[in-house]
Amino acid sequence: MSHPPLARRQSGFTLIEIAIVLVIIGLLLGGILKGQELITQARIRNVSNDFQSMTAAINLYQDRYRALPGDDPGAAARWTITPPSGGTLGDGIISGTYNSATSTDESRQFWLQLRRAGLVGGAVTDDTTPPNAASGVTGVQNGAFGIPGLVICSNNLPAKIAQAIDTQFDDGKSDTGTVRAAAGTTAGSTPDTSYIDDGTKFYVVCKAP
């Protein structure tokens, strides 16, 4: 006696199983995006704090010693250190670029003298430019992007962070106001006309103290 063939069991996912998988994927993606946003916001806060703390340190140094750190004619005798070269001490101008690798530039001696004065962290023998939250550096120089006088600059900032900093302190525009910026690492004379968030451009942002 023959038996009817067994029905072939269908393989694959049911609609419910597919829906569950899609929900899980959505939750994972949402968590990743939220995590990235939290990281970005933390970096914005850290870079903003760098600008504010540097302004405070400069003002405290000037109140105490009546000179700009790095340009202080009394610093060498006060702390028995070698004075910087390449600029005129006491003229109110910081020689050297914000990211200078030359220890004798006033822009590097700026950090040594602030550390000697106990106004920023680090060893009192250290003249290196400190890192920022975006794996770049923060430093000072004389003038940038049409902003006269002493400026504080921070580099390697993605467009989103750069524009957020600009918006917090100024007008959110890269080519106007007291905060200006350009893609790259050079704080020159010409800012970019706008911030472009395409994932490839990293900005140096400069601000008057």
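Fewest-first ordering of L15, L22, L157, L150 by other beta carbons within 10 Å of each residue's beta carbon gives L15, L22, L150, L157.
Rounded to whole Å, the principal axis extents of the Cα atoms in segment 16-207 read 79, 35, 27, largest first. Please state the shape class of segment 29-128: rounded when a/c is under 1.5, otherwise prolate if a/b exceeds b/c and oblate if not, all from the C-alpha gyration tensor. In terms of gyration-tensor shape, prolate. In the chain, the longest principal axis of the Cα atoms and the axis of helix 15-65 are about 10 degrees apart. Take every pair of alpha-carbon atoms less than 8 Å apart whose residues are at least six positions apart; their mean separation over the length of segment 16-207 yields a relative contact order of 16 percent. Quick one: grab the alpha carbon gyration tensor of segment 72-112, order the square roots of its eigenvalues as a ≥ b ≥ c, and give me rounded if a/c is under 1.5, else prolate or oblate depending on whether a/b is larger than b/c. The shape class here is oblate.
Taken one residue at a time, the phi angles of segment 66-73 give Karplus couplings (6.51, -1.76, 1.60, θ = phi - 60°) of 6, 7, 6, x, x, 10, 7, x Hz. Gly and Pro are set to x.
Taken together, the values in this text are just the output of simple stated rules run on the coordinates, not laboratory data. Since the structure is predicted, the reported quantities are computational estimates derived from the model, not experimental observations. A quick note on method: Cβ atoms are made from the backbone with ideal geometry, for glycine too, and the neighbour counts reach across all protein chains shown.
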